[in-house]
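Rule-based calculations on the coordinates, nothing more; no lab input. As the structure is a prediction and not an experimental result, all values here were calculated from the model. When we count neighbours, we look across all protein chains shown, and the Cβ atoms used for this are built from the backbone with ideal geometry, even at glycine.
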Amino acid sequence: MSELTQELKAKIITQLNLEDINVDNLEDDTPLFGDGLGLDSIDALELIVMLDKSYGIKLSDPKEGRKVFETIQTMADFIEANRK
Amino acid sequence: MTKPIYIHGHGCISIQPTFETNYFFETVHTYAQNPIPVLDPDYKARIPPLQLRRMNKSMKMAISASKLALEEAGNVDIDAVITGTGQGCLRDSERFVETILADEAELLNPTPFIQSTHNMAAAAIALALGCKGYNMTYVNNANSFESALLDGMLYLQEHPSKTILLGGVDELGSRSPEFWNIAGYLKHGNSIIPSPMNVDSGPGEISAEGAAFFVASHQEGKQAYGKIIAVETRHKTEDAAAFINQFLQRNGLDIEAIDAVLMGNNGDVRYDGIYETVCRTLFQGIPQVGFKQVLGEYDTVVAAALMLALHMLKRQQIPKLLHMNGPQHHGLQRILLYTQRRGKNHSLILVER
């Protein structure tokens, strides 16, 4: 699982161009939206595309996304449970 | 005829350090490559990091140049944003198209899709400044900035008490230079900046990128750099000298009334002959000043040339490096900019002190 969280952090930093953040200072339980990383709705779309392209997981229910994209850890748990 | 507009501040990002205060081409960066990316200012100094991370090059350059112009003009409120761009946000357009091809239009990242439109820079400026007024982008190849300038003059004619921000921006793409190369636009070898003028350096241009923005109004103001009297474009002409003569006549001037002429020679032997003919027939006794030999070529480079002309008027000086012929000036009151690209998109801008 740790390998997956590390991989996810690297992908998110690259995909969302988070210049001042690196894998080491991004915690598994940091909230991705709101007071944590401060991501916005366009970032959410980028994450949906990333899930599909990198892990073959289609996220069609927006309500589901709210829980999945809470933290790196919740994303990793979701990927582990659903990846093809 | 439109009324003159006064320029109260400018910001310019180019392959030279034009974003530095009082830069006047006394020294220039040298290059031996083609294409040439801009010298980046500290974008973080003027754009919040959370906004900056998603911006493409055009947006960063346009917002930074706009804020530089506004700082110089005393951070006045802006009523309209008018931009010109020949190519728009090329890199995001390339990314968007490449993703369509790679994923067969199944999965498209939203950011390059949103930011692939040509009016993104003007929109980003408006968002950054909180300007909800008139917002327009002109895409007319090498006459894009001139079109924005003309619209700015017309806008101020209708709204004489308003202040506007106008400018031009063009970025280099990642893949586009390969296509330009195939089309024969780029210079091979002899790609040196500053380019030697009046020397046969073969066909092709040295491609570059940049942004230049201006704060303009009908109010004279104490700190104004100068005023723009007239602008005119012509897509094609067989007789550039006649085009220039007619323009001067329409503005009640003759050649002797021009104190210096800025010419868009870019070292492409296929088209520089147009400038040579114009110089020989009209401007032999007038100081001729180049700008593309240090700024490279892109569709809106004339916006950077306008900045140069305004500095020349204010300083009453011609940068030695850019002076292309013998005659010296006897006071700079009126400067004419003439440029064309690949034999098309001829334009004239008349600037006064």
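In the structure shown, the pairs B:Lys44/B:Lys67; B:Lys67/B:Lys236; B:Lys132/B:Lys162; B:Lys227/B:Lys344 are assessed against 24 Å; a Cα-Cα span above that value is assigned to B:Lys67/B:Lys236; B:Lys227/B:Lys344. Restricting attention to the protein assembly as shown, close to 65% of DSSP beta bridges with both partner residues there are antiparallel.
Over all other residues within a Cβ to Cβ distance under 9 Å of B:Cys89, the charged ones net out to 0, with Lys and Arg as +1 and Asp and Glu as -1. Under the classification rounded if a/c is under 1.5, otherwise prolate if a/b is larger than b/c and oblate if not, where does the stretch B:5-225 fall, given a ≥ b ≥ c as square roots of the Cα gyration tensor eigenvalues? Oblate, since a/c reaches 1.5 and b/c is not below a/b.
Under the simplified labelling scheme, the B:Glu276-B:Thr27 pair shows an inter-label distance of 3.4 nm, with each label point 7 Å from Cα along Cα→Cβ.
Its Cα centre serving as origin, the protein assembly as shown has a Cβ charge dipole (Lys and Arg +1, Asp and Glu -1) of approximately 1320 debye. Full extension of the chain between B:Asn251 and B:Gln317 yields a length gain of 21.3 nm, computed as 0.36 nm times the residue separation minus the alpha carbon distance.
Give me the percent of DSSP beta bridges within chain B that run antiparallel, rounded to the nearest 5.
That works out to approximately 65 percent antiparallel.
Semi-axes of the equivalent ellipsoid of the stretch A:43-84 are 13, 12, 10 Å, computed as sqrt(5λ) over the eigenvalues of the C-alpha gyration tensor in descending order. The residues packed around A:Lys11, meaning those with a beta-carbon under 13 Å from its beta-carbon, carry a net charge of -3 if Lys and Arg are +1 and Asp and Glu are -1.
Let me know the shape class of the protein assembly as shown, please: from the alpha-carbon gyration tensor, a ≥ b ≥ c as square roots of the eigenvalues, rounded when a/c is under 1.5, otherwise prolate if a/b is greater than b/c, or oblate. Prolate, since a/c reaches 1.5 and a/b exceeds b/c. Computed from the alpha carbon atoms alone, the convex hull of the stretch B:10-126 holds 129 Å³ per residue. What separates the Cα centres of the stretch B:1-23 and the stretch A:1-46 is a distance of 40 Å. In this simple spin-label approximation, B:His159 and A:Thr14 carry label points 7 Å from Cα along the Cα→Cβ vector, and these lie 4.5 nm apart.
Its Cα centre serving as origin, chain B has a Cβ charge dipole (Lys and Arg +1, Asp and Glu -1) of approximately 580 debye.
For the stretch B:204-317, the gyration tensor built on C-alpha atoms gives an oblate shape. Its axis ratio a/c (a ≥ b ≥ c) is at least 1.5, and a/b is not larger than b/c. Longest exposed-loop-site-free stretch of chain B, with GluC sites (Glu not before Pro), DSSP loop and at most 13 other Cβ within 10 Å? That gives B:239-353 as the longest site-free run.
FRET efficiency for the A:Asp28 to B:Phe113 pair, using the beta carbon distance and R₀ = 30 Å, is estimated at 0.45.
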